[in-house]
Structures are given as C-alpha cells and as structure tokens.
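The values are calculated or read from the model by the stated rules, or taken from the named source; none is laboratory data. Source: prediction; values computed, not measured. So basically every Cβ, Gly included, is an ideal-geometry build from the backbone, and we count neighbours across all protein chains shown.
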Amino acid sequence: MPTATPAGKTAAQKPAPAPNGDFYQLVDLLTPDERALVKKVRTYMETKVQPVINKYWSDDAFPFELLPSFKELGLGGLGFEGYGCAGGSQKLFGFVAMELARTDASFCTFFGVHSGLAMGSIYLDGSEEQKQKWLPAMARWEKIGCFGLTEPLVGSGTSGGLTTTAKREGDTWILNGQKRWIGNAPWCDISIIWARDLADNQVKGFIVENKSTPGFSVEKIEHKIALKVVQNGQITLKDVRVPEANRLQSGNSFRDTARVLRMTRYMVGWASTGIQMGAYEASLKYAQERLQFGKPIASFQLIQDLLAKMLGNLTACQCLMLRLAQLDDEGKLGDHHAALAKAFCTSKSRETVSWGREVLGGNGIVADYNVARFFADAEALYSYEGTYQMQNLIVGKAITGHGAFL
C-alpha cells in the first residue's frame, strides 16, 4: 500500500501500535498446528498476492502464475476428510477463509468456489465412486471446479424455478439452459450444474467436464466493479449429454442442493469478516501515517471514533463466526444459523468498509490503498450466495414457524 502523504514522524511521536484485526486474540483458540497453517496463509497472501493483486483487480484478470505456489499451501478440500482432502476443523477453514479475504476477497472467492462449492457438492451429494474419482485431483488443484446454480432469470427463486432442464435418455442425461454469475467458469475444468428433471420436476446435480463436452460454452462477464479478479461466466448448455455416472447420486432435490448452500453461506460470513479485517488494518495504518495540522490523523477524535466502530463490527463478526464454526464442528449447524451469519456479517461489512473509505478521504477511492477494493468487493458479498432479504426470511421462518416465501 502506498505511504499516506504527507507522512513522517516527529521527535515527540511514540511508535504506533501495529494494526491488529484480531483484537480479542481469537486465533489463540486454534491448535498450534492450526495457528501455524493460518500464519503460513497470511505470509503467502502478504508476500505473493498483495504485491500484484491491485493490478489484476484493475485489469479484471486472474493471477494464473500464482496457482503453482498457491497449490503448495495444501488447502484443497479444507474441512473435508479423506479422498486426499486437507481435512481439519471448520474453525480452521473459517480462519483460513478470513485470512484469504483479509488480503483479497476475489482470491478467497476463487478458493471457496472450487474447494467449498464444487468439491463440497461431490463430497456431500456424490456417490463413493464419484468421490474417489474426482476429489483427489481437485484436492491437488489439478482439476478446478465451479458451481452452476444461478441463472440469468432465476436468482433467489432457484429452489422451485430453475429453467435449466435435464431429460434422461437411457444412461444419458440431456441438459439445456443457461447459468450466470458462475465463478471460475471461463477457465475451469469441471462444472457442477444443477438442473430441473423434466420427469419429476426435482433439482438434480451433474458433473460436467467443460473442455470436452459438446454443447457446453462459456462467455466471460465483463465490466464488473466488484470481485474483479474472479472470472465469472455465463454458461450455455445446448443438448449437453452427461452420463448417468456423472449425476450426483445423492443430489435428488433442492434439499440436497441446500446442504451445499448452507456451507457456502458460512464461508461468505468468514469472507466478509476478512474484508473487514483488511479494511480496518489498512485504515488504521493509513491514519497512523497521514499527517494533518502537524499530527497523525489517528490522534483525532473523529478518526478514532470511526476506527473503533470498524473494530467493533469486525470483532462482533469474528465472534459470531467462531461460534458458527463450533456448531458446525459439533454437527449442529442449521440453515437458519448460516443464514443469520451471512446476512449479519455482510451487512456489517458494508458499514465497516464505508467507514474505512471515510478515514482515507480522497485516497479511499484509489485502488492502490486497498480500501477501495474492499469497499467494492463488500457489495458483491452482500448479494451473492443469497441476498440479505432472503437470509432474513430463512431466519424468520425458523424463529416464528411461519414461512413468508412467495
């Protein structure tokens, strides 16, 4: 990040405390091995990703040259046991996601789409044979995946309104339709496509090999203002033939799809918390260096008020997400728990990054100072994987016993 200007220290100035977004020292709740991995991820993100990410963000491009070194972190299938996956607790998964988003939410989204959504679909809804076939290569990042649920005309209504269809003919399924906003789609190897079975009107999942399947095409979505490093695509399926062996054998209704969505909403909660962590630390560092009226602006009451409010939001989200991870590790996580966390954390993230932009003043809209990138990316997380309002309706049904969905 560029140094705030004008900047410097006077003889009377005390050394400024190092920015620390873990105010309650929650990382201490991890095991020594878990803390070592989180530290390894932070070091990687700070030394490899941070120096180049703003250029890629400005260019709407993905840093493919980082993939070989990123693979060496061994994060593929984090939170899943067996099949060559990294394993580990959901607490560890959450802290890693937070660390990734602390530097860049796009990189975290790339990780989550592949390791969470695509691998998670096979892990939760696939047969033993499918898990053995696909997950080891995906865990090694040799096969990159995406998750195709959202459609051009169907967002919040995916549970009952998918227009992408699946028709069975013998041992083959024929898929027709479109998917939109699919992260990793323009370049990945495997797509998890959710389609409505014309025979029973139920949602079913399919593993489609992008590069070798006739009738499968992807157009990159251009001109985004958020998550610009993520390569989103619009998938078109025209008489795409998929063998029965590639149908997710336990993915036979939207209830099965929802199990995957529960996990990804959990991940988005951690990612939005990571965005707040990055924005808070960048804003504090800037305030410590930026001089006005002969003093660092960090010494001004109004700036301290903004920073304290940012830290309050961040810490509240960290504590909420930590409890959610504990529930998940105990097998007690419900859709309503994940929905509340997704709604709350993404909402607070928007608030936190807006205060950070205010701390930076005019520099708050310059990508080189990082906060502008966090500011934009927070908008995408607020809406994707289920809007704020839809999450509240999931929670509302759980606490009142009345479904308000139309």
Restrict the check to region 141-159 and report whether at least one residue is within 30 Å of Thr43 (Cα to Cα), loosely packed, with under 15 Cβ neighbours inside 10 Å and out of contact with any helix residue (DSSP H, G or I) (no Cβ under 7 Å at 6 or more places or on another chain).
-> yes
Filter region 19-58 down to the residues that are closer than 23 Å to Gly94 by Cβ and of a type in the set (Gly, Ala, Ser), then identify the one that is surrounded by the most Cβ atoms within 10 Å (Cβ to Cβ).
-> Gly21
Could you identify the single residue in Thr352, Thr346 that is surrounded by 18 or more Cβ atoms within 10 Å (Cβ to Cβ), under 29 Å from Asp256 (Cβ atoms), of a type outside the set (Lys, Arg) and touching a Leu at 6+ places or on another chain (Cβ under 7 Å)?
-> Thr346
Among (1) surrounded by 15 or more Cβ atoms within 10 Å (Cβ to Cβ); (2) more than 19 Å from Ala105 (Cβ to Cβ); (3) of a type in the set (Gly, Ala, Ser), which single condition is Gly274 missing?
-> (2)
Count - residues of region 176-216 that are charged (D, E, K, R), outside any strand (DSSP E or B) and within 26 Å of Val229 (Cα to Cα) = 2
Candidate set: region 119-138, residues that are touching a helix residue (DSSP H, G or I) at 6+ places or on another chain (Cβ under 7 Å) and aliphatic (A, V, I, L, M); chosen: the one surrounded by the fewest Cβ atoms within 10 Å (Cβ to Cβ) | Leu124
In region 280-296, the residues that are farther than 13 Å from Gly356 by Cβ, touching a helix residue (DSSP H, G or I) at 6+ places or on another chain (Cβ under 6 Å) and part of a helix (DSSP H, G or I) | Gln288
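Condition check ((1) at negative phi; (2) modelled with pLDDT of 95 or more) across all residues:
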position: Thr3; (1), (2): yes, no
position: Pro17; (1), (2): yes, no
position: Val41; (1), (2): yes, yes
position: Ile53; (1), (2): yes, yes
position: Pro63; (1), (2): yes, yes
position: Pro68; (1), (2): yes, yes
position: Gly82; (1), (2): no, yes
Going by the structure shown, is Ala166 in a helix (DSSP H, G or I), among the small types (Gly, Ala, Ser) and in contact with an Asp or Glu (Cβ under 9 Å, 6 or more places away or on another chain)?
-> no
Which listed residue is closer than 30 Å to Lys55 by Cα, surrounded by fewer than 18 Cβ atoms within 10 Å (Cβ to Cβ) and among the small types (Gly, Ala, Ser), from Ser212, Ser217 = Ser217
Considering (1) touching a Leu at 6+ places or on another chain (Cβ under 9 Å); (2) surrounded by fewer than 16 Cβ atoms within 10 Å (Cβ to Cβ); (3) within 25 Å of Asn232 (Cβ to Cβ), say which one Cys319 fails and leave the rest.
-> (3)
Only one of Gly112, Gly76 that is farther than 24 Å from Cys317 by Cβ and either within 17 Å of the chain's Cα centre (by Cα) or in the same structural domain as Lys179 (by TED's automatic domain parsing) (or both) = Gly76
Considering only residues that are of a type in the set (A, V, I, L, M, F, W, C) and touching a Lys or Arg at 6+ places or on another chain (Cβ under 8 Å), look in region 315-334 and name the one that is farthest from Gly356 (Cα to Cα).
-> Leu333
For region 380-397, enumerate the residues that are in contact (Cβ under 8 Å) with a residue 60 or more places away in the chain, under 19 Å from Val260 (Cβ atoms) and in contact with a Leu (Cβ under 9 Å, 6 or more places away or on another chain).
-> Leu381, Tyr384, Glu385, Gly386, Gln391
Counted residues, region 351-391 - those being modelled with pLDDT of 95 or more, among the polar types (S, T, N, Q) and touching a helix residue (DSSP H, G or I) at 6+ places or on another chain (Cβ under 6 Å) | 3
Test Leu149 against the stated conditions and say whether it is more than 26 Å from Arg35 (Cβ to Cβ) and not hydroxyl-bearing (Ser, Thr, Tyr).
-> yes
Check region 251-265 and report whether any residue there is in contact (Cβ under 8 Å) with a residue 60 or more places away in the chain, surrounded by fewer than 18 Cβ atoms within 10 Å (Cβ to Cβ) and either part of a helix (DSSP H, G or I) or in the same structural domain as Gly362 (by TED's automatic domain parsing) (or both).
-> yes
